[in-house]
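The values are calculated or read from the model by the stated rules, or taken from the named source; none is laboratory data. No experiment lies behind these values; they were computed from the predicted model shown. Cβ atoms come from the backbone with ideal geometry, glycine included; neighbour counts cover every protein chain shown. For accessibility, only protein heavy atoms count, side chains too; no ligands or nucleic acids. Shrake-Rupley method; radii C 1.70, N 1.55, O 1.52, S 1.80 Å.
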Amino acid sequence: MKIVVAMRQIADLVEELEVDASGADIDREFVKFVSNEWDEAALEEALCLKEAHGGEVVVVGVDDVDFDQTLFGALAKGADRAVKLSCGFEGWMPTAVRAELLARWLKDESFDLVLTGVQAADDLDGQLAGVLGARLGLPHAAVVVGLEPDGDGFKVTQELGGGVTLTSHATGPLVLGIQAARQAPRYVPISRIRQAMSAGGIEELEVEAPTARAPKVTRLFAPEAKGRAEMLGDKPSEVAARIVELIRAKGISVS
Amino acid sequence: MLLAAVETRKIFGGTTHLERVLFYLLSLVVLVVFFAGLGLRVKKYMAGRPLDAGRFRRARVPLEKPGVSAPIPLAQTGVDIAANRTVSRRNHAVGGAHLLLFWGFLGLLAATIIVGLDYDVYGNLTRIFGGKELSFFKGWFYLGYNAVFDTAGLAAIVGAVWLAVRRIRDTKSSVALDYTRAQKPKSGYSRAAMTAGDHLFIFGLILILFTGILLQGLRIDAAGFPSFERWTWLGYTVAVGFGALGLHGSAAGSAHFWLWWVHILMALAFVAYLPFSKALHMISAPANLAVRDPGNTRRLPSPPSGHAGYQDFADFTSKELLGFDACTKCGRCHAVCPARTGGAPLSPRDLILDLRQYADRKRGIPMVLDWEERPDQSGPKNLEGRLAGEVIEPATLWSCTTCMACVEICPVGIEHVPTIVSLRRSLVDAGEMDPTLQSALENIATQGNSFGKSSRMRARWTKGLDVPIPDARKEEVEYLWFLGDFASFDERLQEISRTLARVLTANGISFGILYEDERNAGNDVRRAGEEGLFEMLVEKNMEAFSKAGFQKIFTTDPHSFNTLRNEYPAYGLDKPVMHYSELLASLISEGRVSLSGLGRKVTYHDPCYLGRYNRIFDAPRSVITSAGCELVEMPRNRTNSFCCGAGGGRIWMDDSVLAERPSANRIREAAELDVGYFVVACPKDYAMFSDAVKSTGNEDRMKVVDIVELFAEASGELALAGAASEEAPES
Amino acid sequence: MAENDVVVIAERVVGSHPDVTFELLGKAKEIASALGGEVHCLVVGSPEGHECLGAADHLHLVEGEHLWPYNPHAWESAISALLSQLKPRLVLASTGTVGIDLCGALAAQSGSMLASYVVDLSVEGASLMAVAQLYGGKLMAECDLGEGPAFVTAIPGSFAGHAARVDGVADATSHSHDGADARMRHVALTEPEKTGVDITSEELLVSVGRGIGSQSNIDLAQELAEVLGAGLSASRPVIDQGWLPKAHQVGKSGKKVKPKIYLALGISGAPEHLEGMRQAELIIACNTDATAPIFEVAHYGTTADLFDLVPEILDLIGG
Ligand SMILES: Cc1cc2nc3c(=O)[nH]c(=O)nc-3n(C[C@H](O)[C@H](O)[C@H](O)COP(=O)(O)OP(=O)(O)OC[C@H]3O[C@@H](n4cnc5c(N)ncnc54)[C@H](O)[C@@H]3O)c2cc1C
Ligand code: SF4
Ligand code: SF4
């Protein structure tokens, strides 16, 4: 079984994000980039599958700030290959563009599964799994929480919301957006990452400049600040009424 | 039998040639067994890893502190052993008894050697070379010998009986003597053999000593009470006793004959038994004390090359293997361990015993009545399993707070903490850890702090200060203040950090901080077993230091203090490192500040990493008393302080499994003192104990305060916001 | 004119039509009228319960062998086929199953623009302008979807004010689609287990702190949670006391929760606790201490005593 895991960097949400001079993107100079947490889940699922059923895990992604760190981390965790695509693109990469670049590389690869995170925090133009699936003409599914080889294909379990899950049988190759792996992403000790770094081993590939289109961002801004709690007073009956009102306003039905 | 003309006695009184041959043959066998046993052990140690500067010696680094990170001088160890100082610490009764037995036994050993020298060496040599068998075992020498070694015999008997009585009396009530495991194997276990072994050892010893004295009495009685034998005062007294009982002459002679054989057989058996039993500690304990180096705990050793952590037998150092053999099961570490006290599945004693059993099984060394039995092949019986994870359970290893209480009290100088950390390293390497620890380590790796906050937020606590804190990267300062994560990021502690900043500014101290360049110092990261991350943090911090201009460092956090002071020098840090309590104390002692009396009754908690680790006991106390507070000491104070439970990475782990958190245990202890304030000198303590004061329902009675809050209030120059200025409970 | 039409894909993959579909229909009407087009609603799978979708001008009921229960692959081809007939200007869906599972692919196949996580949408001149919530809600992006066909997936609740639940359907067309593609077939649909506690999946959490006082008072909170259909969570002291099992703990050493509403009763708001619930959409705190830090993060607060407040709420909603 050969599993490709598409990974990417994302601005670290613990940072305070600032908008750059153009007003249409975050200030990328200033912010810290980390591996997308859902991609880490996808990697974990791939590694678990490999450990259980054998095979090969190839990590791929478009170059970005500190992306080497993520790739070395993946190698240290047990990925067999790490591939970095570059095309000179800088800044906020739309999903459509990312999918186009990945599809170009994947065309020449053989694989059984492409796993990626169900989403990333800046997925303005949609989530990768579906867009990439369409580009490759392959069946795809998102919000995947379960994956197991099954006969000639895979048993794929997706979350449909409200705790309902759907299990389908699909024959590969497949593109899946992983919501959660069977276990929390493993810890990789820094010494192993350092070993991976000194061993090198990232394959770097130039790819053609993308052509895909995406919505044009005209303004990026912070939502209005919330500040301190609005006090509802201390008369229990009135407060109770307000609370019930607030709950209903959130679209939660209470009798 | 004729009266002897000179003051001496026959060594083999009344024995035939056959019996002599028998005795020598038996002795030979016994010596072979003894040395074979010792040989097996020594070979075991040699199979371990040598340290980096000799088999039992580690390499020295710059700036070692005597009594802290420097090895203990041999002379001191000699005195410690001779005076049984480590045995009598915090337990003078047992220490005294052990001292009697120790010197008594050594005396009797010397007596035996002297007789052997005279009869077997001097006698034979003179017979062979001079043609006539001579002896120096006569005259004044003989008289003095008997007088001195009878005293030794009595000392040994009194000591041994005392110890035996105490063991029988206290086994039920003493935590230390209770052999129940802290970690309960699923299959069950039995330590009955160990208990039997203890009894065999002490009662066997008493019997040997006792029969020796009786023999003397019988001999003197049989010899008709020669008057010079009055020098053999104990034997003579016993002989008088026999006489009074009507035992005389040949009856006493034949009783002597039989008892002599009983005594000799027991003594020989003891020698053979020694290397395979609890008695081994007579050799291994002083040997281990001679190579002990508690600095190993303060400055942890690096992992074995090629392995992230300990994986199999060969990873243990020779020193560790010797240490395992030195354990006497005294249980002192077991009694003081906060993990064990809190109900965690860790007892340092059990850990050492498990590792000893594992090592002995691996090497095929048999033991006499010193086994723990189990129906299955788990734990130390699991010779093929993973050392960290199967032989020793992960939960056991993760329970340690690295408080060092065990290392501090162990009478034979065993260093549990480095071994625990070395085993943890394997768990970390396999990614086997608490999810909360994992996320803390991930946060530290990516953000440089355990809070997972952006490093740019690190100096945010300085907002709200009237005088901004100089940036040590931009201007030269005298002191670089290294805050640590808690003092920087924890909202409750930020106010205390601001108070300290105000106090220092008001007193004209030149200090600065590293702003976003400060990283977690890595003390607890290292102790959690993440060596690679520790090294990365050291590199980052050293890089930041190299960009800053300062002469000394002071820290808020005792944990950071420990690693900066004791571990960073190996990575090139050459500046003195202080704790803020020392800085405050020096302001007082130099008369730079006058404090007004607060008139409060307080108690003080010694943080493990400040007190036990770094021997700073008086600086915080002087701040407290100078602030006019009456200090009521905790029952467990200074080197015997009880851990808050946060160290060694425990603060990042789930402690809800504990029956009682160590911090709650500590607050209960303080609640007995009738004080209104619980004073701390560590940010983690502030967090842990504030929580514990609430959870134990002591909020109305006791308030947790930091020494700097007392200082600030007593110096009166500062209008304090926050805890210290609030209405304080009356004490 | 078809090129100004708006299509809403009903977000019903299981059970009955959820609120978000009506929100989308409401918004679709607004956009369609601005564009001068009509609103189509696509209902895939089971036609059951479609009567309340009367807000759409045209209803398309797509049925076929593999479409019910939900099968993403079959749905995609069915919707794709229908969209290529309808050729709408805008396709609206929820950033739920339809949005995340299907819209990316549908937009890519047709070469349309797509905006997801949208919370606001308007027509400006010839362009469609959308506002999306990105970076975990930390930033909003306003974007121009241009003049061509576009897909928008909206966050449920964004157009709540537009919700249009209208009974009686004007024009319903049935379509049959043979979604049979051997590459993906249905195996099972599983309802959530009722026993296991999972406070992270609750929309509404009633959370109690040490202020609850004792084990016996937990029953009161439990009753409130049941009546509200909410989950019951707690701060650590409550767990430590053994009043509730560990699975209920929120915070640093417990679970991180992001419910729509977090009702904190008798919780002071220690940093370790805030770490676990700060991201709740709406936080309502009840604490007798007006200076409790919980009020720094709460959106609404009250200093009423929880033992007075909770019975009042129970009274109100007939507990
Ligand atoms: C390492 C570490 C990890 C921790 N992890 C967690 C964690 O994961 N989760 C967690 O929650 N805590 C955690 N804590 C504990 C945390 O520090 C606090 O102690 C805890 O959150 C306080 O819980 P509380 O708010 O319920 O209690 P308190 O702080 O005691 O607050 C009780 C509140 O109830 C109010 N109150 C009392 N009576 C009433 C009434 N009748 N009506 C209304 N209000 C009333 C009081 O005014 C008070 O503010 C951790 C602590 C440490 C040190
Ligand atoms: S260091 Fe402290 S917690 Fe760890 S084993 Fe020793 S006494 Fe126990
Ligand atoms: S390790 Fe030391 S303190 Fe602990 S039981 Fe053994 S000898 Fe005693």
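Here are some notes:
- Leading residue by the ranking (farthest from B:Lys474 (Cα to Cα)) among those in region B:532-561 that are open to solvent by less than 10 Å² (accessible area, probe 1.4 Å) and within 14 Å of chain A (Cβ to nearest Cβ): B:Gly532
- Of the strands (runs of 3 or more DSSP E) lying entirely inside region A:64-172, those carrying at least 3 residues that are of a type in the set (Val, Ile, Thr) are A:140-150.
- Residues located in region B:61-89, provided they are surrounded by 13 or more Cβ atoms within 10 Å (Cβ to Cβ) and over 30 Å from B:Arg636 (Cα atoms): B:Val61, B:Leu63
- The listed residue being surrounded by fewer than 23 Cβ atoms within 10 Å (Cβ to Cβ), of a type in the set (A, V, I, L, M) and at pLDDT 95 or above, out of B:Ala430, B:Ala395, B:Ala405: B:Ala395
- Any hit, region B:243-259, residues being closer than 30 Å to B:Leu143 by Cα, touching a Ser or Thr at 6+ places or on another chain (Cβ under 7 Å) and in the same structural domain as B:Leu22 (by TED's automatic domain parsing): yes
- A single member of B:Ala164, B:Ala152, B:Ala182 is in contact with a helix residue (DSSP H, G or I) (Cβ under 7 Å, 6 or more places away or on another chain) and assigned to a loop (DSSP other than H, G, I, E, B), and it is B:Ala182.
- Listed here are the helices (runs of 4 or more DSSP H) enclosed by region B:306-418 that have at least 2 residues being farther than 17 Å from B:Ala193 by Cβ, near ligand 2 (Cβ under 10 Å from one of its atoms) and not assigned by TED's automatic domain parsing to the domain that holds B:Val175: B:332-336, B:338-341, B:348-363, B:394-398, B:405-409.
- Restricting attention to region A:222-255, the residues that are in a loop (DSSP other than H, G, I, E, B), within 19 Å of C:Glu312 (Cβ to Cβ) and either modelled with pLDDT of 90 or more or of a type in the set (Asp, Glu) (or both) total 2.
- The listed residue being within 20 Å of B:Gln311 (Cβ to Cβ) and either within 11 Å of chain A (Cβ to nearest Cβ) or out of contact with any Leu (no Cβ under 8 Å at 6 or more places or on another chain) (or both), out of B:Asn443, B:Asn382: B:Asn382
- Within region B:326-339, none of the residues are on the phi < 0 side of the Ramachandran plot, crowded, with 19+ Cβ neighbours inside 10 Å, away from chain A (no Cβ under 14 Å) and more than 16 Å from ligand 3 (Cβ to nearest atom).
- Candidate set: region C:284-305, residues that are farther than 26 Å from B:Ser488 by Cβ and open to solvent by less than 10 Å² (accessible area, probe 1.4 Å); chosen: the one nearest to ligand 2 (Cβ to nearest atom): C:Ala285
- From B:Asp350, B:Asp376, residue being within 15 Å of ligand 3 (Cβ to nearest atom) and out of contact with any Phe, Trp or Tyr (no Cβ under 7 Å at 6 or more places or on another chain): B:Asp350
- Single match in B:Ile409, B:Ile414, B:Ile420 (criterion: away from ligand 1 (no atom under 16 Å from the Cβ), closer than 25 Å to B:Arg519 by Cβ and more than 14 Å from chain A (Cβ to nearest Cβ)): B:Ile420
- Exactly one residue out of B:Ala664, B:Ala646 is in contact with a helix residue (DSSP H, G or I) (Cβ under 8 Å, 6 or more places away or on another chain), assigned to a helix (DSSP H, G or I) and within 16 Å of ligand 1 (Cβ to nearest atom), and it is B:Ala664.
- The one condition from (1) at pLDDT 95 or above; (2) in contact with a Pro (Cβ under 8 Å, 6 or more places away or on another chain); (3) part of a helix (DSSP H, G or I) that B:Phe545 does not meet is (2).
- Matching entry among C:Leu134, C:Leu139 (being farther than 22 Å from C:Thr97 by Cβ, at the interface with chain A (Cβ under 7 Å from one of its Cβ atoms) and at pLDDT below 95): C:Leu139
- In region C:306-316, the residue that is surrounded by the fewest Cβ atoms within 10 Å (Cβ to Cβ) out of those that are of a type outside the set (Val, Ile, Thr) and more than 7 Å from every other protein chain (Cβ to nearest Cβ) is C:Asp315.
- Among the residues making up region C:70-100, those that are part of a helix (DSSP H, G or I) and farther than 19 Å from C:Pro149 by Cα are C:Pro72, C:His73, C:Ala74, C:Trp75, C:Thr97.
- Tally, over region A:149-179, of residues that are open to solvent by 30 Å² or more (accessible area, probe 1.4 Å) and away from chain C (no Cβ under 11 Å): 2
- Filtered residues of region B:684-703 (kept if touching a residue at least 60 places away in the same chain (Cβ under 8 Å) and either open to solvent by 10 Å² or more (accessible area, probe 1.4 Å) or near ligand 1 (Cβ under 9 Å from one of its atoms) (or both)): B:Lys684, B:Tyr686, B:Ala687, B:Ser690
- Boolean, C:Ser94 is of a type in the set (Ser, Thr, Tyr) and out of contact with any Phe, Trp or Tyr (no Cβ under 7 Å at 6 or more places or on another chain): yes
- Single condition C:Val227 does not satisfy, out of (1) within 12 Å of chain A (Cβ to nearest Cβ); (2) buried (at least 16 other Cβ atoms within 10 Å of the Cβ); (3) outside any helix (DSSP H, G or I); (4) in contact (Cβ under 8 Å) with a residue 60 or more places away in the chain: (3)
- Among the helices (runs of 4 or more DSSP H) confined to region B:229-295, the ones with at least 2 residues that are within 16 Å of ligand 3 (Cβ to nearest atom) and under 25 Å from B:Ala155 (Cβ atoms) are located at B:281-291.
- Residues in region C:108-144 that are more than 20 Å from C:Asn4 (Cβ to Cβ) and in contact with a Gly (Cβ under 6 Å, 6 or more places away or on another chain): C:Ser116 alone.
- Count of region C:230-263 residues which are within 14 Å of chain A (Cβ to nearest Cβ) and either open to solvent by 10 Å² or more (accessible area, probe 1.4 Å) or in contact with a Cys (Cβ under 6 Å, 6 or more places away or on another chain) (or both): 5
- All positions within region C:138-147 that are in contact with a Ser or Thr (Cβ under 7 Å, 6 or more places away or on another chain) and open to solvent by 10 Å² or more (accessible area, probe 1.4 Å): C:Glu142, C:Asp144, C:Gly146, C:Glu147
- Qualifying residue in region A:187-196 (condition: outside any loop (DSSP other than H, G, I, E, B) and away from chain B (no Cβ under 14 Å)): no
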